[in-house]
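Have a look at the structure below, then the notes.
Just so it is clear, none of the values below were taken in a lab; they were calculated from the coordinates. Nothing here was measured: the structure is a model prediction, and the numbers come from that model. When we count neighbours, we look across all protein chains shown, and the Cβ atoms used for this are built from the backbone with ideal geometry, even at glycine.
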Amino acid sequence: MNISSISDSAILEEYVKRFTIKAGGCIKASREAADHFRAYFADAAKREQFVVCFLNGQNCVLSTETLFIGSLTTSAVYPREVVQRILDLGAAAVMLAHNHPSGELTPSNSDRAVTKKLSVALEAIDVQVLDHIIIGGAEYFSFSDHRLI
């Protein structure tokens, strides 16, 4: 089979099958989280999107959802909406992710601020932010791996 004859949609479908962690599956490392989140950004080349993976007490996936879609360089994130969804799902922890369409992996000041704001808000309801992943092109940045969470 000639690889160039495979459609982009077929490749995306296969990627989602292989790397997206279904409800009940557990995330054990930042690389697994980045692979899981990457499928949610497949069509996000021109807009920032903010995705949350809601986890139970054993860090197993309850649900992963795109909560906010922004512009080329920013996405507004509302902690109240994140808290509401956590309460709806009964999540014990979350992993956050957003993409940088530019491919730049370095967290901006606003990336750091929203992570802090969400961490403080969620701490008040006994929900832990385990990581915040930035997806940029084929690479990722993990706040947890860099000890920013």
Checklist entry - By counting other Cβ atoms within 10 Å of each Cβ, how are ASP131, ASP126 ranked from fewest to most? => result ASP126, ASP131
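Compute the length gained on full extension between GLN128 and SER144: take 0.36 nm times their separation in residues and subtract their Cα-Cα distance, giving the result in nm to one decimal. Before the final figure, lay out the partial values.
Numbers: separation 16, 0.36 × 16 = 5.76 nm, distance 1.21 nm.
Between GLN128 and SER144, full extension yields 4.5 nm more.
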Item to check | Förster-model FRET efficiency, 25 Å R0, CYS60 and GLN84, C-beta, rounded to 0.05 | outcome: 0.70
Checklist outcome for this item: Taking every other residue with Cβ under 12 Å from the Cβ of LEU122 and scoring Lys and Arg +1, Asp and Glu -1, one gets +2
